[in-house]
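Notes for the one structure printed next.
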Amino acid sequence: MTIYEVAGTGEAEAPLLDCHDVVSGSVDYKGRPSVRSKSGCWKSSPFVIGVGVAERFSYFGVSGNLVSYLTGKLGQPTATAAAMMNAWFGVSSLLPVVGALLADSFTGRFRMIIASCVLYVSGLTLLVVSASLNTYDPSKCQPVGVLTSACHPDQVVLIFFFSSLYLVSLAQGGFTPCVQAFGADQFDDADEYEGTAKSSYFNWWYCALVGGILVPLTIVNYIQDNVSWVLGFAISAVVMCFALALFFFGIPTYRFQSAKNTTNPFLRIHRVFVQAVKNWKASPAPSPASVEEDGLPILPRQGSQFKFLDKALLAPDQDEKHGAVSVDDVEDAKGILRLIPVWFACLGYSIVYAQPSTLFTKQATTLDRVIFSSLQLPAASLQNCFTGLSIAIMLPIYDRVFVPMARAITKKPSGITTLQRIGVGLTLSLISMVFAAVVERRRLAVAREHGMADMPDAVVPMGFWWLAPQYVVSGVADVFAMVGLQEFFYEEVPAELKSIGLALYASILGVGSLLSSAMVSTIQNATRWNGEGGWFSDNLNRAHLDYFYWVLTAICAAGFVLFLFYAKYFYVYRRKGKETQ
């Protein structure tokens, strides 16, 4: 039994609590042991998921239609706009590594989430101001070749806009890795029910983030295209204010992880590598015993992998300032190294992931998007309608239908392992690129057949439904790969580095987006000869996006082969039993 004491009085606070109702290693917002029946799990998840939905709404309220703002209100060429957007998205996906480093080392996840929300509101407010200052009107531009100031946006406005945009990136860099990790922290792995529920949490987290913003974002995109960009950005700012309020409202239900090791986790892992290098020529260390994390055993030495790191254990008194290297430290270092090949193998998928919001959207602008007599669907909304809807439908089916069926066959609690789930996603991502290449080839043929090759603003007589397969398959690929990567990088890192694990997952998307940007710029420069516009010509009817999609297909295939080889023959899960879960 456990008795709480009222601070400063020494008196016991009633009622007495059963020790089985206390969550080991967690405290509430007042620093008292967390009570399982009153905190965490699905009690706190609605607040955390709600905050995540609000943040994603605000983020995609800006990024979802950004390519249209860049090419329209800011007058940027298609290739330049795609490169700018990919660069911004890449930076936005890399900054979570910095935010996670700060959170796991200094501030903690809770404080980082609050600070990021405040910074988010500031950045979005400045975006509203920048849009209100932008007086550029592309409809008043003179024909190409006549240089007038009306055809070039004010450089001050451009600088102000991008400064505000990257402030939003900085904010989400702190928010993204911490809020999802904080939500997963609400589940106790030592409890059988909560341990199983955590896997479902990752599914419902992503489902809510996609499904919850599906209709609202379509409306925001419509407002931006047809009413006002100022109003469109302002809606995102207001929603982010709501997110901050909602997060505060859920504080009484949250569990906060109590520190298990006061030493900085990065310092612990760093000194493993330092001592292993110092003892490089020494005799091998004896096999360490199995250790435990969160009440679950970790595989000792992970077979014969990274045996050179065991040499860090040879001199237990080598570091008087920070203490000896422990078996836990060595296992943590090995765990980080094992993630690197998976990270690289998934870069092809991340490059493909960058396409729906850029080149897929530009494809859609050339097609017939009228759904009623006078209502035209915004090009950016196709991603929400097809990709978002497929995710929102498929994730519940996966969690409630596919997993139980797979569990009956494989006898594994999660149906399939996280690596198997990621592998299925990589395969589907490759298929989506094949669909995209075939449809784009068809679109170019239709444009030529109707004499529209030199009419960049003409609507090609093809319905937007032609793009449905590539969007839908891309969405289903995310159900497997995206959610699988989130769970994998959260579970396979040390306990103190969960934010870093999710930041590593986000960095895959960031680096992939930067690679996509570099590829677009390089290929455009290489293919623009003899006065032709290149593969990414502003006149899409003269461009060759289909060639680029075939290149991405080849890259996806190479990444999948690497992933399959490593996952099947080399990867060892961090915890005993995970390979069967």
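For the reader, a short list of remarks on this structure follows.
- Complete set of residues in segment 225-252 that are more than 26 Å from the chain's Cα centre (by Cα) and more than 30 Å from L377 (Cβ to Cβ): P252
- Subset of segment 382-400 that is of a type in the set (A, V, I, L, M), at pLDDT below 90 and open to solvent by 60 Å² or more (accessible area, probe 1.4 Å) - its residue that is nearest to Y471 (Cα to Cα): L389
- Criterion violated by R301 - all others in (1) among the basic types (K, R); (2) at pLDDT 50 or above; (3) open to solvent by 20 Å² or more (accessible area, probe 1.4 Å) satisfied: (2)
- First in segment 404-415 and polar (S, T, N, Q), second anywhere and open to solvent by 70 Å² or more (accessible area, probe 1.4 Å), Cβ under 8 Å, 6 or more apart: S414/R407; S414/Q581
- Check on S287, modelled with pLDDT under 70 and either out of contact with any His (no Cβ under 8 Å at 6 or more places or on another chain) or under 16 Å from S105 (Cβ atoms) (or both): yes
- Scanning segment 335-348 for residues that are buried (at least 23 other Cβ atoms within 10 Å of the Cβ) and either free of Cβ contacts under 8 Å to residues at least 40 places away in the same chain or in contact with a Leu (Cβ under 6 Å, 6 or more places away or on another chain) (or both) turns up just one, A345.
- Flag for S374 being of a type outside the set (D, E, K, R), modelled with pLDDT under 85, open to solvent by less than 10 Å² (accessible area, probe 1.4 Å) and over 18 Å from V424 (Cβ atoms): no
- For segment 449-458, the criterion of being at pLDDT 90 or above and in a helix (DSSP H, G or I) is satisfied by at least one residue.
- Residue under evaluation W204, criteria (1) among the aromatic types (F, W, Y); (2) at pLDDT 85 or above; (3) closer than 24 Å to L102 by Cβ; (4) open to solvent by 20 Å² or more (accessible area, probe 1.4 Å), criterion not met: (3)
- Qualifying residue in segment 528-539 (condition: free of Cβ contacts under 8 Å to residues at least 40 places away in the same chain, open to solvent by 20 Å² or more (accessible area, probe 1.4 Å), in a helix (DSSP H, G or I) and of a type in the set (G, A, S)): no
- Residues of segment 220-276 satisfying the condition of being surrounded by 14 or more Cβ atoms within 10 Å (Cβ to Cβ), assigned to a loop (DSSP other than H, G, I, E, B) and at pLDDT 80 or above: G250, Y254, R255
- Scanning segment 180-207 for residues that are out of contact with any Phe, Trp or Tyr (no Cβ under 8 Å at 6 or more places or on another chain) and either closer than 16 Å to L244 by Cα or of a type in the set (F, W, Y) (or both) returns Y193, W204, W205, Y206.
- Of the residues making up segment 480-505, those that are of a type in the set (A, V, I, L, M) and open to solvent by 10 Å² or more (accessible area, probe 1.4 Å) are A495, I500, L504.
- Candidates A518, A554, A506: the one that is modelled with pLDDT of 90 or more and either within 23 Å of P356 (Cβ to Cβ) or of a type in the set (S, T, N, Q) (or both) is A554.
The values are calculated or read from the model by the stated rules, or taken from the named source; none is laboratory data. Everything numeric in this text was worked out from a predicted model, so none of it was measured. Glycine gets a Cβ as well: all are built from the backbone with ideal geometry, and neighbour counts include every protein chain shown. Each accessible area value is taken on the protein alone, full model and side chains, heavy atoms only, with ligands, DNA and RNA left out. Shrake-Rupley method; radii C 1.70, N 1.55, O 1.52, S 1.80 Å.
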